[in-house]
Amino acid sequence: MKVAEAKAQKVNQIAEFTGNIEPYAKNSISSSASQRIEKIYVEVGTRVRKGQLLVQMENLNYGNAKTQIENLKIDMSRIDALYAAGGVSKQQSDQIHTQVKVAEESLRNLDKNTKLLSPIDGVVTQRNFDNGDLTMGQPILVVMQLQPVKIMISISEEFFPKVKIGTPVEISLDIYEGQKFPGKVSLIYPTIDAASRTFQVQVSINNPKMEIRPGMFARAKVELGAKNRVVVPDKSVIKQQGTNDKYIYVLDGETVLFTKVELGRRIGAQYEILSGIENGQKVVVAGMNNLVDKAKVEVTESGADLSL
């Protein structure tokens, strides 16, 4: 039976998280009032640009408002001429100018609700109505920004000082086996969740070919610096049958103790120990088949081999 010494060393903290790909932005396109749809110009899957006309709404009031403004402007020109000749007061002139401004603002608001534009560059992912339908205030279309896309991950609070905007993240998706996609931290939430002791981070992923789609299952790998950790040979770790618990036989004087441990990363032929073993302790790496908890052992002169 052989033992080895648990040693402390710098270990790169590489954490892996899982989650679903989300659109970088998602907008529901709707009218603020219950109106009838005159024409929808796009279909599901259509790529759209910011400011592009997506839906033309029917609005009978728009024509009436436009005619009213034209009539007000004619009156304004006549009153301006009279005011210049001294025929009306300044108050009368100001009143007609104010009326025109209010009417123009009202027309602009009507125009906004008549012509529905895309607020982002994106893809139409949902269409809920057809031409001629009455909207009743419900979303007509859904537009998602898919370049870039994002994934939300929750990181342990101990790494809060380590994570910065721009921290690189490696993304892999099960659907694209073997491929890696570069991402980076684009948003860090400023509070810690008291229940889970984690904070949320938004990771942005470039998607120029649009091959990454919302809903895909993704894994995000983040390097979180190096920490001083105890490491042991992988041969010393015993998995208890029927559970996911891990144990190591630790030499304590002339006996061995069956000690439960929490493992971190596997580093070659070693395991990072998060808890259960301290630096400098001796762990059994071979010949543990005949051992039980608190079994007495005899140390050979070399100190490297043990015998019962």
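The values are calculated or read from the model by the stated rules, or taken from the named source; none is laboratory data. From a predicted model like this one, the values you see are computed outputs, not experimental measurements. For neighbour counting, all protein chains shown are included, and Cβ atoms are generated from backbone atoms with ideal geometry for every residue, glycine included.
Miscellaneous remarks
- Residue ID - modelled with the lowest pLDDT, chosen from residues in region 262-308 that are in a loop (DSSP other than H, G, I, E, B) and of a type in the set (D, E, K, R): Glu301
- Any hit, region 209-225, residues being touching a Lys or Arg at 6+ places or on another chain (Cβ under 8 Å) and either in contact (Cβ under 8 Å) with a residue 12 or more places away in the chain or loosely packed, with under 15 Cβ neighbours inside 10 Å (or both): yes
- Check on Gln126, in the same structural domain as Arg49 (by TED's automatic domain parsing), assigned to a strand (DSSP E or B) and not basic (Lys, Arg): yes
- The residues of region 85-99 that are touching a helix residue (DSSP H, G or I) at 6+ places or on another chain (Cβ under 9 Å) and either under 30 Å from Ser30 (Cβ atoms) or free of Cβ contacts under 8 Å to residues at least 12 places away in the same chain (or both), listed by number, are Gly87, Val88, Ser89, Lys90, Gln95.
- For region 1-23, filtering for residues that are in contact with a Pro (Cβ under 8 Å, 6 or more places away or on another chain), closer than 30 Å to Asn206 by Cα and surrounded by 15 or more Cβ atoms within 10 Å (Cβ to Cβ) leaves 3.
- Among residues of region 186-221, those that are outside any strand (DSSP E or B) and either under 19 Å from Arg47 (Cβ atoms) or over 11 Å from the mean Cα position of the chain (by Cα) (or both), counted: 18
- Checking each residue in region 251-273 for being within 17 Å of Met288 (Cβ to Cβ), of a type outside the set (A, V, I, L, M, F, W, C) and touching a residue at least 40 places away in the same chain (Cβ under 8 Å) picks out Glu254, Thr255, Tyr271.
- Among (1) at pLDDT 95 or above; (2) surrounded by fewer than 16 Cβ atoms within 10 Å (Cβ to Cβ); (3) farther than 16 Å from Pro148 by Cα, the one test that Phe199 misses: (2)
Rundown of residues vs (1) in the same structural domain as Tyr176 (by TED's automatic domain parsing); (2) of a type in the set (A, V, I, L, M); (3) under 30 Å from Ile153 (Cα atoms), yes/no style:
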position: Val201; (1), (2), (3): yes, yes, yes
position: Glu211; (1), (2), (3): yes, no, yes
position: Ala218; (1), (2), (3): yes, yes, yes
position: Gly242; (1), (2), (3): no, no, no
position: Tyr249; (1), (2), (3): no, no, no
position: Leu257; (1), (2), (3): no, yes, no
position: Lys260; (1), (2), (3): no, no, yes
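- Within region 100-120, the set of residues being at pLDDT 80 or above and within 17 Å of Leu54 (Cα to Cα) comprises Thr114, Lys115, Leu116, Leu117, Ser118, Pro119, Ile120.
- Failed item in (1) small (Gly, Ala, Ser); (2) surrounded by 14 or more Cβ atoms within 10 Å (Cβ to Cβ); (3) at negative phi; (4) free of Cβ contacts under 8 Å to residues at least 60 places away in the same chain, with Gly276 passing the rest: (3)
- Selection from region 26-51 of residues that are within 25 Å of Asn109 (Cα to Cα) and aliphatic (A, V, I, L, M): Ile29, Ala33, Ile37, Ile40, Val42, Val48
- Criterion applied to Ile165, Ile171, Ile140, Ile188 was being crowded, with 17+ Cβ neighbours inside 10 Å and more than 30 Å from Val55 (Cβ to Cβ), and the one residue passing it is Ile171.
- Residue count for region 16-45, restricted to those that are of a type outside the set (Ser, Thr, Tyr), modelled with pLDDT of 85 or more and either under 16 Å from Ser118 (Cβ atoms) or more than 16 Å from the chain's Cα centre (by Cα) (or both): 14
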